[in-house]
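Each value in this text was obtained by applying a stated rule to the coordinates, not by laboratory testing. The model shown is predicted, which means the values in this text are computed figures rather than measured ones. Glycine also receives a Cβ, built like all others from the backbone with ideal geometry; neighbour counts cover every protein chain displayed.
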Amino acid sequence: MATTETTPAATSQGYQLEGSLLEVCSCNTLCPCWIGEEPDNGTCDTVIAYNLTSGKIRGVDVSGLSIVNVGHIPGNVLDGNWRIAIFVDDKASDEQMEAMLDAFGGKLGGPLADLAGLVGEIVAVERAPISHTIVDGAGTLRVGDKVDCAMHPYRGPDGSITTLNNSVFSTVPGAPAYVAVADHQRINVPEHGYQWELKDKNAIQSDWKIDYHGE
């Protein structure tokens, strides 16, 4: 992604974000969606969680906050028509929440808008306590009593984390993804049609950075 010189005017638009991604789904490892193939089961149930370690959206500081999508993908990921429920960190102010929803919802353009274009329906937007942590490469994600996931990355013979680069699809545009396995994923959002409990299925982790200053 191209970057531009940072100026006061530039940082008041677009988004400049850095953080981590934790993602689990119902596919086996490695998730075929990332290489443009059909989901293992024909459809995919997924949780995609972003922790914003630091950053601004339209000049609004959103450092330390998280946003999580719980969703259903009805077929090939690139065909879109995702159905998602969005959970926003309950520590976010109204201004921060609006900024995060605008950026991740595609209203501000850039790579996040490309990703948001795959969403066909947003069934709910709710605040919730979110815990998103990575310790020694292992990630844990909790969203109130609705989402509980734990995962760890695969490693090569030298102990380094196995990475996925230049894939046809990515939830972290421009950043390498760490191929992982979800030790468990327990999703309990029956009011919106999301409820599953799985072990040893696909997971993705990433450290990512996006620097987009608008058109």
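Relative contact order, whole percent, for the stretch 82-140 stands at 46, derived from Cα pairs under 8 Å and 6 or more residues apart.
I want to verify the translational diffusion coefficient of the stretch 69-175 in µm²/s; compute it with Stokes-Einstein, Rh as the Kirkwood radius over Cα pairs, at 25 °C and 0.890 mPa s. Once the numbers are plugged in, D ends up at 155 µm²/s. Protection proxy ranking, highest mean first, for peptides 161-168, 116-123: 116-123, 161-168, where packing is the per-residue count of other beta-carbon atoms within 10 Å, averaged. The angle separating the long axis of helix 94-104 from the principal Cα axis of greatest extent in the chain is about 70 degrees. For the stretch 136-180, the square roots of the Cα gyration tensor eigenvalues, ordered a ≥ b ≥ c, give a/c of at least 1.5 with a/b no greater than b/c, which places it in the oblate category.
The orientation-averaged shadow of the Cα convex hull for the stretch 149-215, equal to a quarter of the hull surface, comes to 7.0 nm².
How do the peptides 50-57, 190-197 rank, highest first, by the average count of neighbouring beta carbon atoms within 10 Å per residue?
Ranked from most to least packed, the peptides come out as 50-57, 190-197.
Just so you know, the averaged projected area of the alpha carbon convex hull for the chain sits at 11.5 nm². Listed values for the stretch 56-63 are Karplus-derived 3J(HN,Hα) couplings in whole Hz (6.51 cos²θ - 1.76 cosθ + 1.60, θ = phi - 60°), namely 9, 10, 6, x, 8, 6, 10, 4, and x replaces Gly and Pro. Based on Cα contacts under 8 Å between residues 6+ apart, the stretch 91-208 shows a relative contact order of 17 percent. Between the C-alpha center of the stretch 128-174 and that of the stretch 45-113 there is a gap of 16 Å. Ellipticity at 222 nm from helices only: DSSP H runs of n ≥ 4 in the chain, each -39500 (n - 2.57), divided by the residue count, give -2500 deg cm²/dmol.
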